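Peer 1: First the structure, then my questions, so here it is.
The values are calculated or read from the model by the stated rules, or taken from the named source; none is laboratory data. Model, not experiment: these values are computed from the prediction. No Cβ is skipped: glycine too gets one built from the backbone with ideal geometry, and neighbour counts run over all protein chains shown. Surface accessibility is based on the protein's heavy atoms, side chains included, excluding ligands, DNA and RNA. Shrake-Rupley method; radii C 1.70, N 1.55, O 1.52, S 1.80 Å.
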Amino acid sequence: MLALIGTAAGVVSAVGGVVFGFLQWRAHRSERRDREFAAVIEDSGLFAPTARALGRDAGLIDRDAELATLTRYVGEGRSLLVIEGVAGQGKTALAARLCRQVQRERQLRWVFCEEKAAACTLVAVAKALAAVVGPRAGRRLRAALTGRIDTARLIDAVIDLLDVTPMLLVLDDVHLVSDPNLATLMKRLEYSRTASLIVATSRVRVDDAHSAPLAECLVLYGLAEQDTSALLRERNVQVSPEAARLVWQRAAGNPLALKLFAGAAADADPERLARELPNSVGNFDGWIALSFDGLPADDQAVAKIIAFEYEPVSRDVVGTIAAPLDPAPALADLRRRLLVTVNDDSFEMHGAVRDYIMRTMTDAEQAALAARFTDFYRRQARTLFLEGVGQDEPSYGKLYLESFPDYVAATQQHIRFVADLLERLADNGYRLMRGEPILVLGCGDGTHDPAFAAHGFDVTNVEIQPEIAELGRAKAAALDVRIRYVVADMTKPLPAEITNKSMSAVFNIGSSFGYESIDAANAAVFLNAANALHDDAPFVFEYVNGPHWENKRVQRQVDVTPLPNGSTRTEVSIINPEARTTMTLIRLQRPDGTGGWFRHFMRYYRLNEIVAMMAQAGLRPVAVYGANGGRVSGEPFDERRSEAMVIIAAQTRQ
């Protein structure tokens, strides 16, 4: 009996050890999965703050019947609701009011697609959703996002998440989204019952949402005559029935036009104003002029700041740019006149209002604002480069590649350019041989990989954006040489895998320099190059010649370029000659009306400044050439004529 008890105790002890070991292993595996997934997702800023989203219902005008219809659809368990209508009809405000009314136990997640543009993809939405739910609810979605992404599997996982985690997901202005996979998700939701509700607003018809079993579409038209009268009374605009009817007729019931009239009537005789209204809302300029043209100078100055910024602008930015003017009274007046709204402490304008105000600005006014904004954003240069502007496109690089297809496709030009550089190296006693290791700092998606591959080099590329590095890896797989990508910041110490004194040459070409607002951060590129080079090995540096381009541009220059695929690229360059900086707003408009926009900042250093930075880093300039038309023929650099400078320097640090 004692032996039996001892045996049983041993078994229990062994089992207990196994259980304990299993629990340790499971905890370790779970922790590892969490670490792996943390590397996959990041806070993309896709979802707007809840306060800002719900604040949009402040402008809702007499849509009780439409709200009741949408609420009924929610009670019937629809998975997808679409609100359609032309500009100014109140789609966003109605969606915000619906969310406020039916939110209850659901998590509200809102995407302003006009701001996010091409960034609003299926993968981006999936990552954003996975980042805001607990590990248990998001387990399947996390698994679908880890490793190679399969679209069908990812859509299944998103729908599964929406079923187990009740949400209100609003895609505002969904007609601006270009990703077909997101459209596929919406199509699936038309036939998939979930605990969540997707609300989409659109200016165009969204497929067949009118007739799908779990989807409904509500089309917004102009307000009825009695609603117009009620609107004017609510805003303390007292007019006769005849004048109210005239306003309604000329506005075609459009809420934006009615709002502009009510704002103008705050300081005018509404009866007279009604008789002077434009005949239609096909062009909002006349309606906007009613309120804007008679504003005090301070009010107009603040309105121009908000219009110039384009994106929602914070109170701090307005205060900084407007100084020494106190913008508070003007902001209050602009809001009273309904020209500006505030959400989540950011000031916004309707696009039609913004465009009108920009057309009223003189060149001198734009130049002054250009200098002020450039100075403000120069202090945030790193954020602008990595995150883009307006947060429309979290992947700066992808939108850049799409916006400049001519540069991306000019493979032969890049091959000739690298061949020129290698010839200039040989002219100075640096002849690189096949198989030698080279380092490329700021490589992008491998623009120059085919050129380096043609010479048989062992290439290590450094790129800061993971998704761009992945594009480069995919293209490099077809090249018959060793090309590896390291995701790292070339202005910070490089990863240990790039060892000191391991490279026969280092390249920083393509003018991928000067994006930092602090000189020391830019100069760190040279220090990294010097550390990576063999003793007396060469560093090749190409950089835009600021004076050449400054002389060709005005302070605020707009260039519109049609692209081969039917898209249009608009570049707004804001030059600050005194600070020797440029901030460029780039907007891509695709043929289907979708698009995205972003900014980048660059500091224009002179040749003597670059040489001093190199010397401090342990690099000795050997030769300086001028580049024109993508060629480096051996001509000396000329600050007046050269488009770019090319410096060959040698590592002198021992």
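Peer 1: When region 216-259 is examined, which residues are found to be among the hydroxyl-bearing types (Ser, Thr, Tyr) and either more than 19 Å from Ser291 (Cβ to Cβ) or more than 41 Å from the chain's Cα centre (by Cα) (or both)?
Peer 2: We begin by selecting, within region 216-259, every residue among the hydroxyl-bearing types (Ser, Thr, Tyr); these are 221, 228-229, 240.
Selection gives Tyr221, Ser229, Ser240.
Peer 1: Ok, one more. Restricting attention to region 269-290, does a residue exist that is under 18 Å from Ala370 (Cα atoms) and touching a Pro at 6+ places or on another chain (Cβ under 7 Å)?
Peer 2: Just the residues of region 269-290 that are under 18 Å from Ala370 (Cα atoms), to begin with: none.
For region 269-290, residues under 18 Å from Ala370 (Cα atoms) and touching a Pro at 6+ places or on another chain (Cβ under 7 Å): absent.
Peer 1: Give Val111, Val132, Val123 a once-over and let me know the one that is within 20 Å of Ala183 (Cβ to Cβ), among the aliphatic types (A, V, I, L, M) and open to solvent by 30 Å² or more (accessible area, probe 1.4 Å).
Peer 2: On the way: Val111 fails: open to solvent by 30 Å² or more (accessible area, probe 1.4 Å); Val132 fails: within 20 Å of Ala183 (Cβ to Cβ).
Going through Val111, Val132, Val123 in turn, the sole match is Val123.
Peer 1: Can I ask one more? I'm trying to understand the selection: among the residues of region 499-537, which are aromatic (Phe, Trp, Tyr) and either modelled with pLDDT of 95 or more or open to solvent by 10 Å² or more (accessible area, probe 1.4 Å) (or both)? Break it down stepwise before answering.
Peer 2: Restricting attention to region 499-537, the residues satisfying the condition of being aromatic (Phe, Trp, Tyr) are 507, 513, 515, 526.
Listed by number, the residues that qualify are Phe507, Tyr515, Phe526.
Peer 1: Of the numbered conditions (1) modelled with pLDDT under 90; (2) closer than 27 Å to Arg56 by Cβ, Thr146 fails exactly one; give the number of that condition.
Peer 2: Looking at each condition in turn, Thr146 falls short on (2).
Peer 1: Being at pLDDT 80 or above and surrounded by fewer than 15 Cβ atoms within 10 Å (Cβ to Cβ): is that true of Asn545 here? Lay out the reasoning, then the answer.
Peer 2: Numbers: at pLDDT 80 or above: yes; surrounded by fewer than 15 Cβ atoms within 10 Å (Cβ to Cβ): no.
When the stated conditions are applied, Asn545 does not pass them.
Peer 1: In region 99-149, what residues are more than 18 Å from Leu185 (Cβ to Cβ), assigned to a helix (DSSP H, G or I) and of a type in the set (Val, Ile, Thr)?
Peer 2: The one that is more than 18 Å from Leu185 (Cβ to Cβ), assigned to a helix (DSSP H, G or I) and of a type in the set (Val, Ile, Thr): Val102.
Peer 1: What pairs come up if the first residue lies in region 467-490 and is within 15 Å of Gly397 (Cα to Cα), the second is open to solvent by 30 Å² or more (accessible area, probe 1.4 Å) and of a type in the set (A, V, I, L, M), and their beta carbons are under 6 Å apart, counting only those six or more places apart or on different chains?
Peer 2: The qualifying pairs are Ala469/Val487; Ala488/Leu494; Asp489/Ile464.
Peer 1: Looking at (1) under 18 Å from Arg335 (Cβ atoms); (2) open to solvent by 30 Å² or more (accessible area, probe 1.4 Å), which is the one condition that is false for Ile288?
Peer 2: For Ile288, the failing item is (2).
For every residue, the table says whether it meets (1) under 21 Å from Pro213 (Cβ atoms); (2) without any contact (Cβ under 8 Å) to a residue 12 or more places away in the chain; (3) in a helix (DSSP H, G or I); (4) over 24 Å from the mean Cα position of the chain (by Cα).
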position: Ile159; (1), (2), (3), (4): yes, no, yes, yes
position: Leu168; (1), (2), (3), (4): yes, no, no, no
position: Thr184; (1), (2), (3), (4): yes, no, yes, no
position: Thr201; (1), (2), (3), (4): no, no, no, no
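Peer 1: Determine if region 67-88 includes at least one residue that is surrounded by 18 or more Cβ atoms within 10 Å (Cβ to Cβ), out of contact with any strand residue (DSSP E or B) (no Cβ under 8 Å at 6 or more places or on another chain) and part of a loop (DSSP other than H, G, I, E, B).
Peer 2: Yes; the residues of region 67-88 include at least one that is surrounded by 18 or more Cβ atoms within 10 Å (Cβ to Cβ), out of contact with any strand residue (DSSP E or B) (no Cβ under 8 Å at 6 or more places or on another chain) and part of a loop (DSSP other than H, G, I, E, B).
Peer 1: State which residue pairs qualify: first residue outside any helix (DSSP H, G or I) and inside region 340-354, second residue acidic (Asp, Glu) in any location, beta carbons under 9 Å apart, and separation of 6 or more residues or different chains.
Peer 2: Note: pairs meeting the criteria are Val340/Glu348; Thr341/Glu348; Val342/Glu348; Asp345/Asp316; Ser346/Glu311; Phe347/Glu309; Glu348/Glu311.
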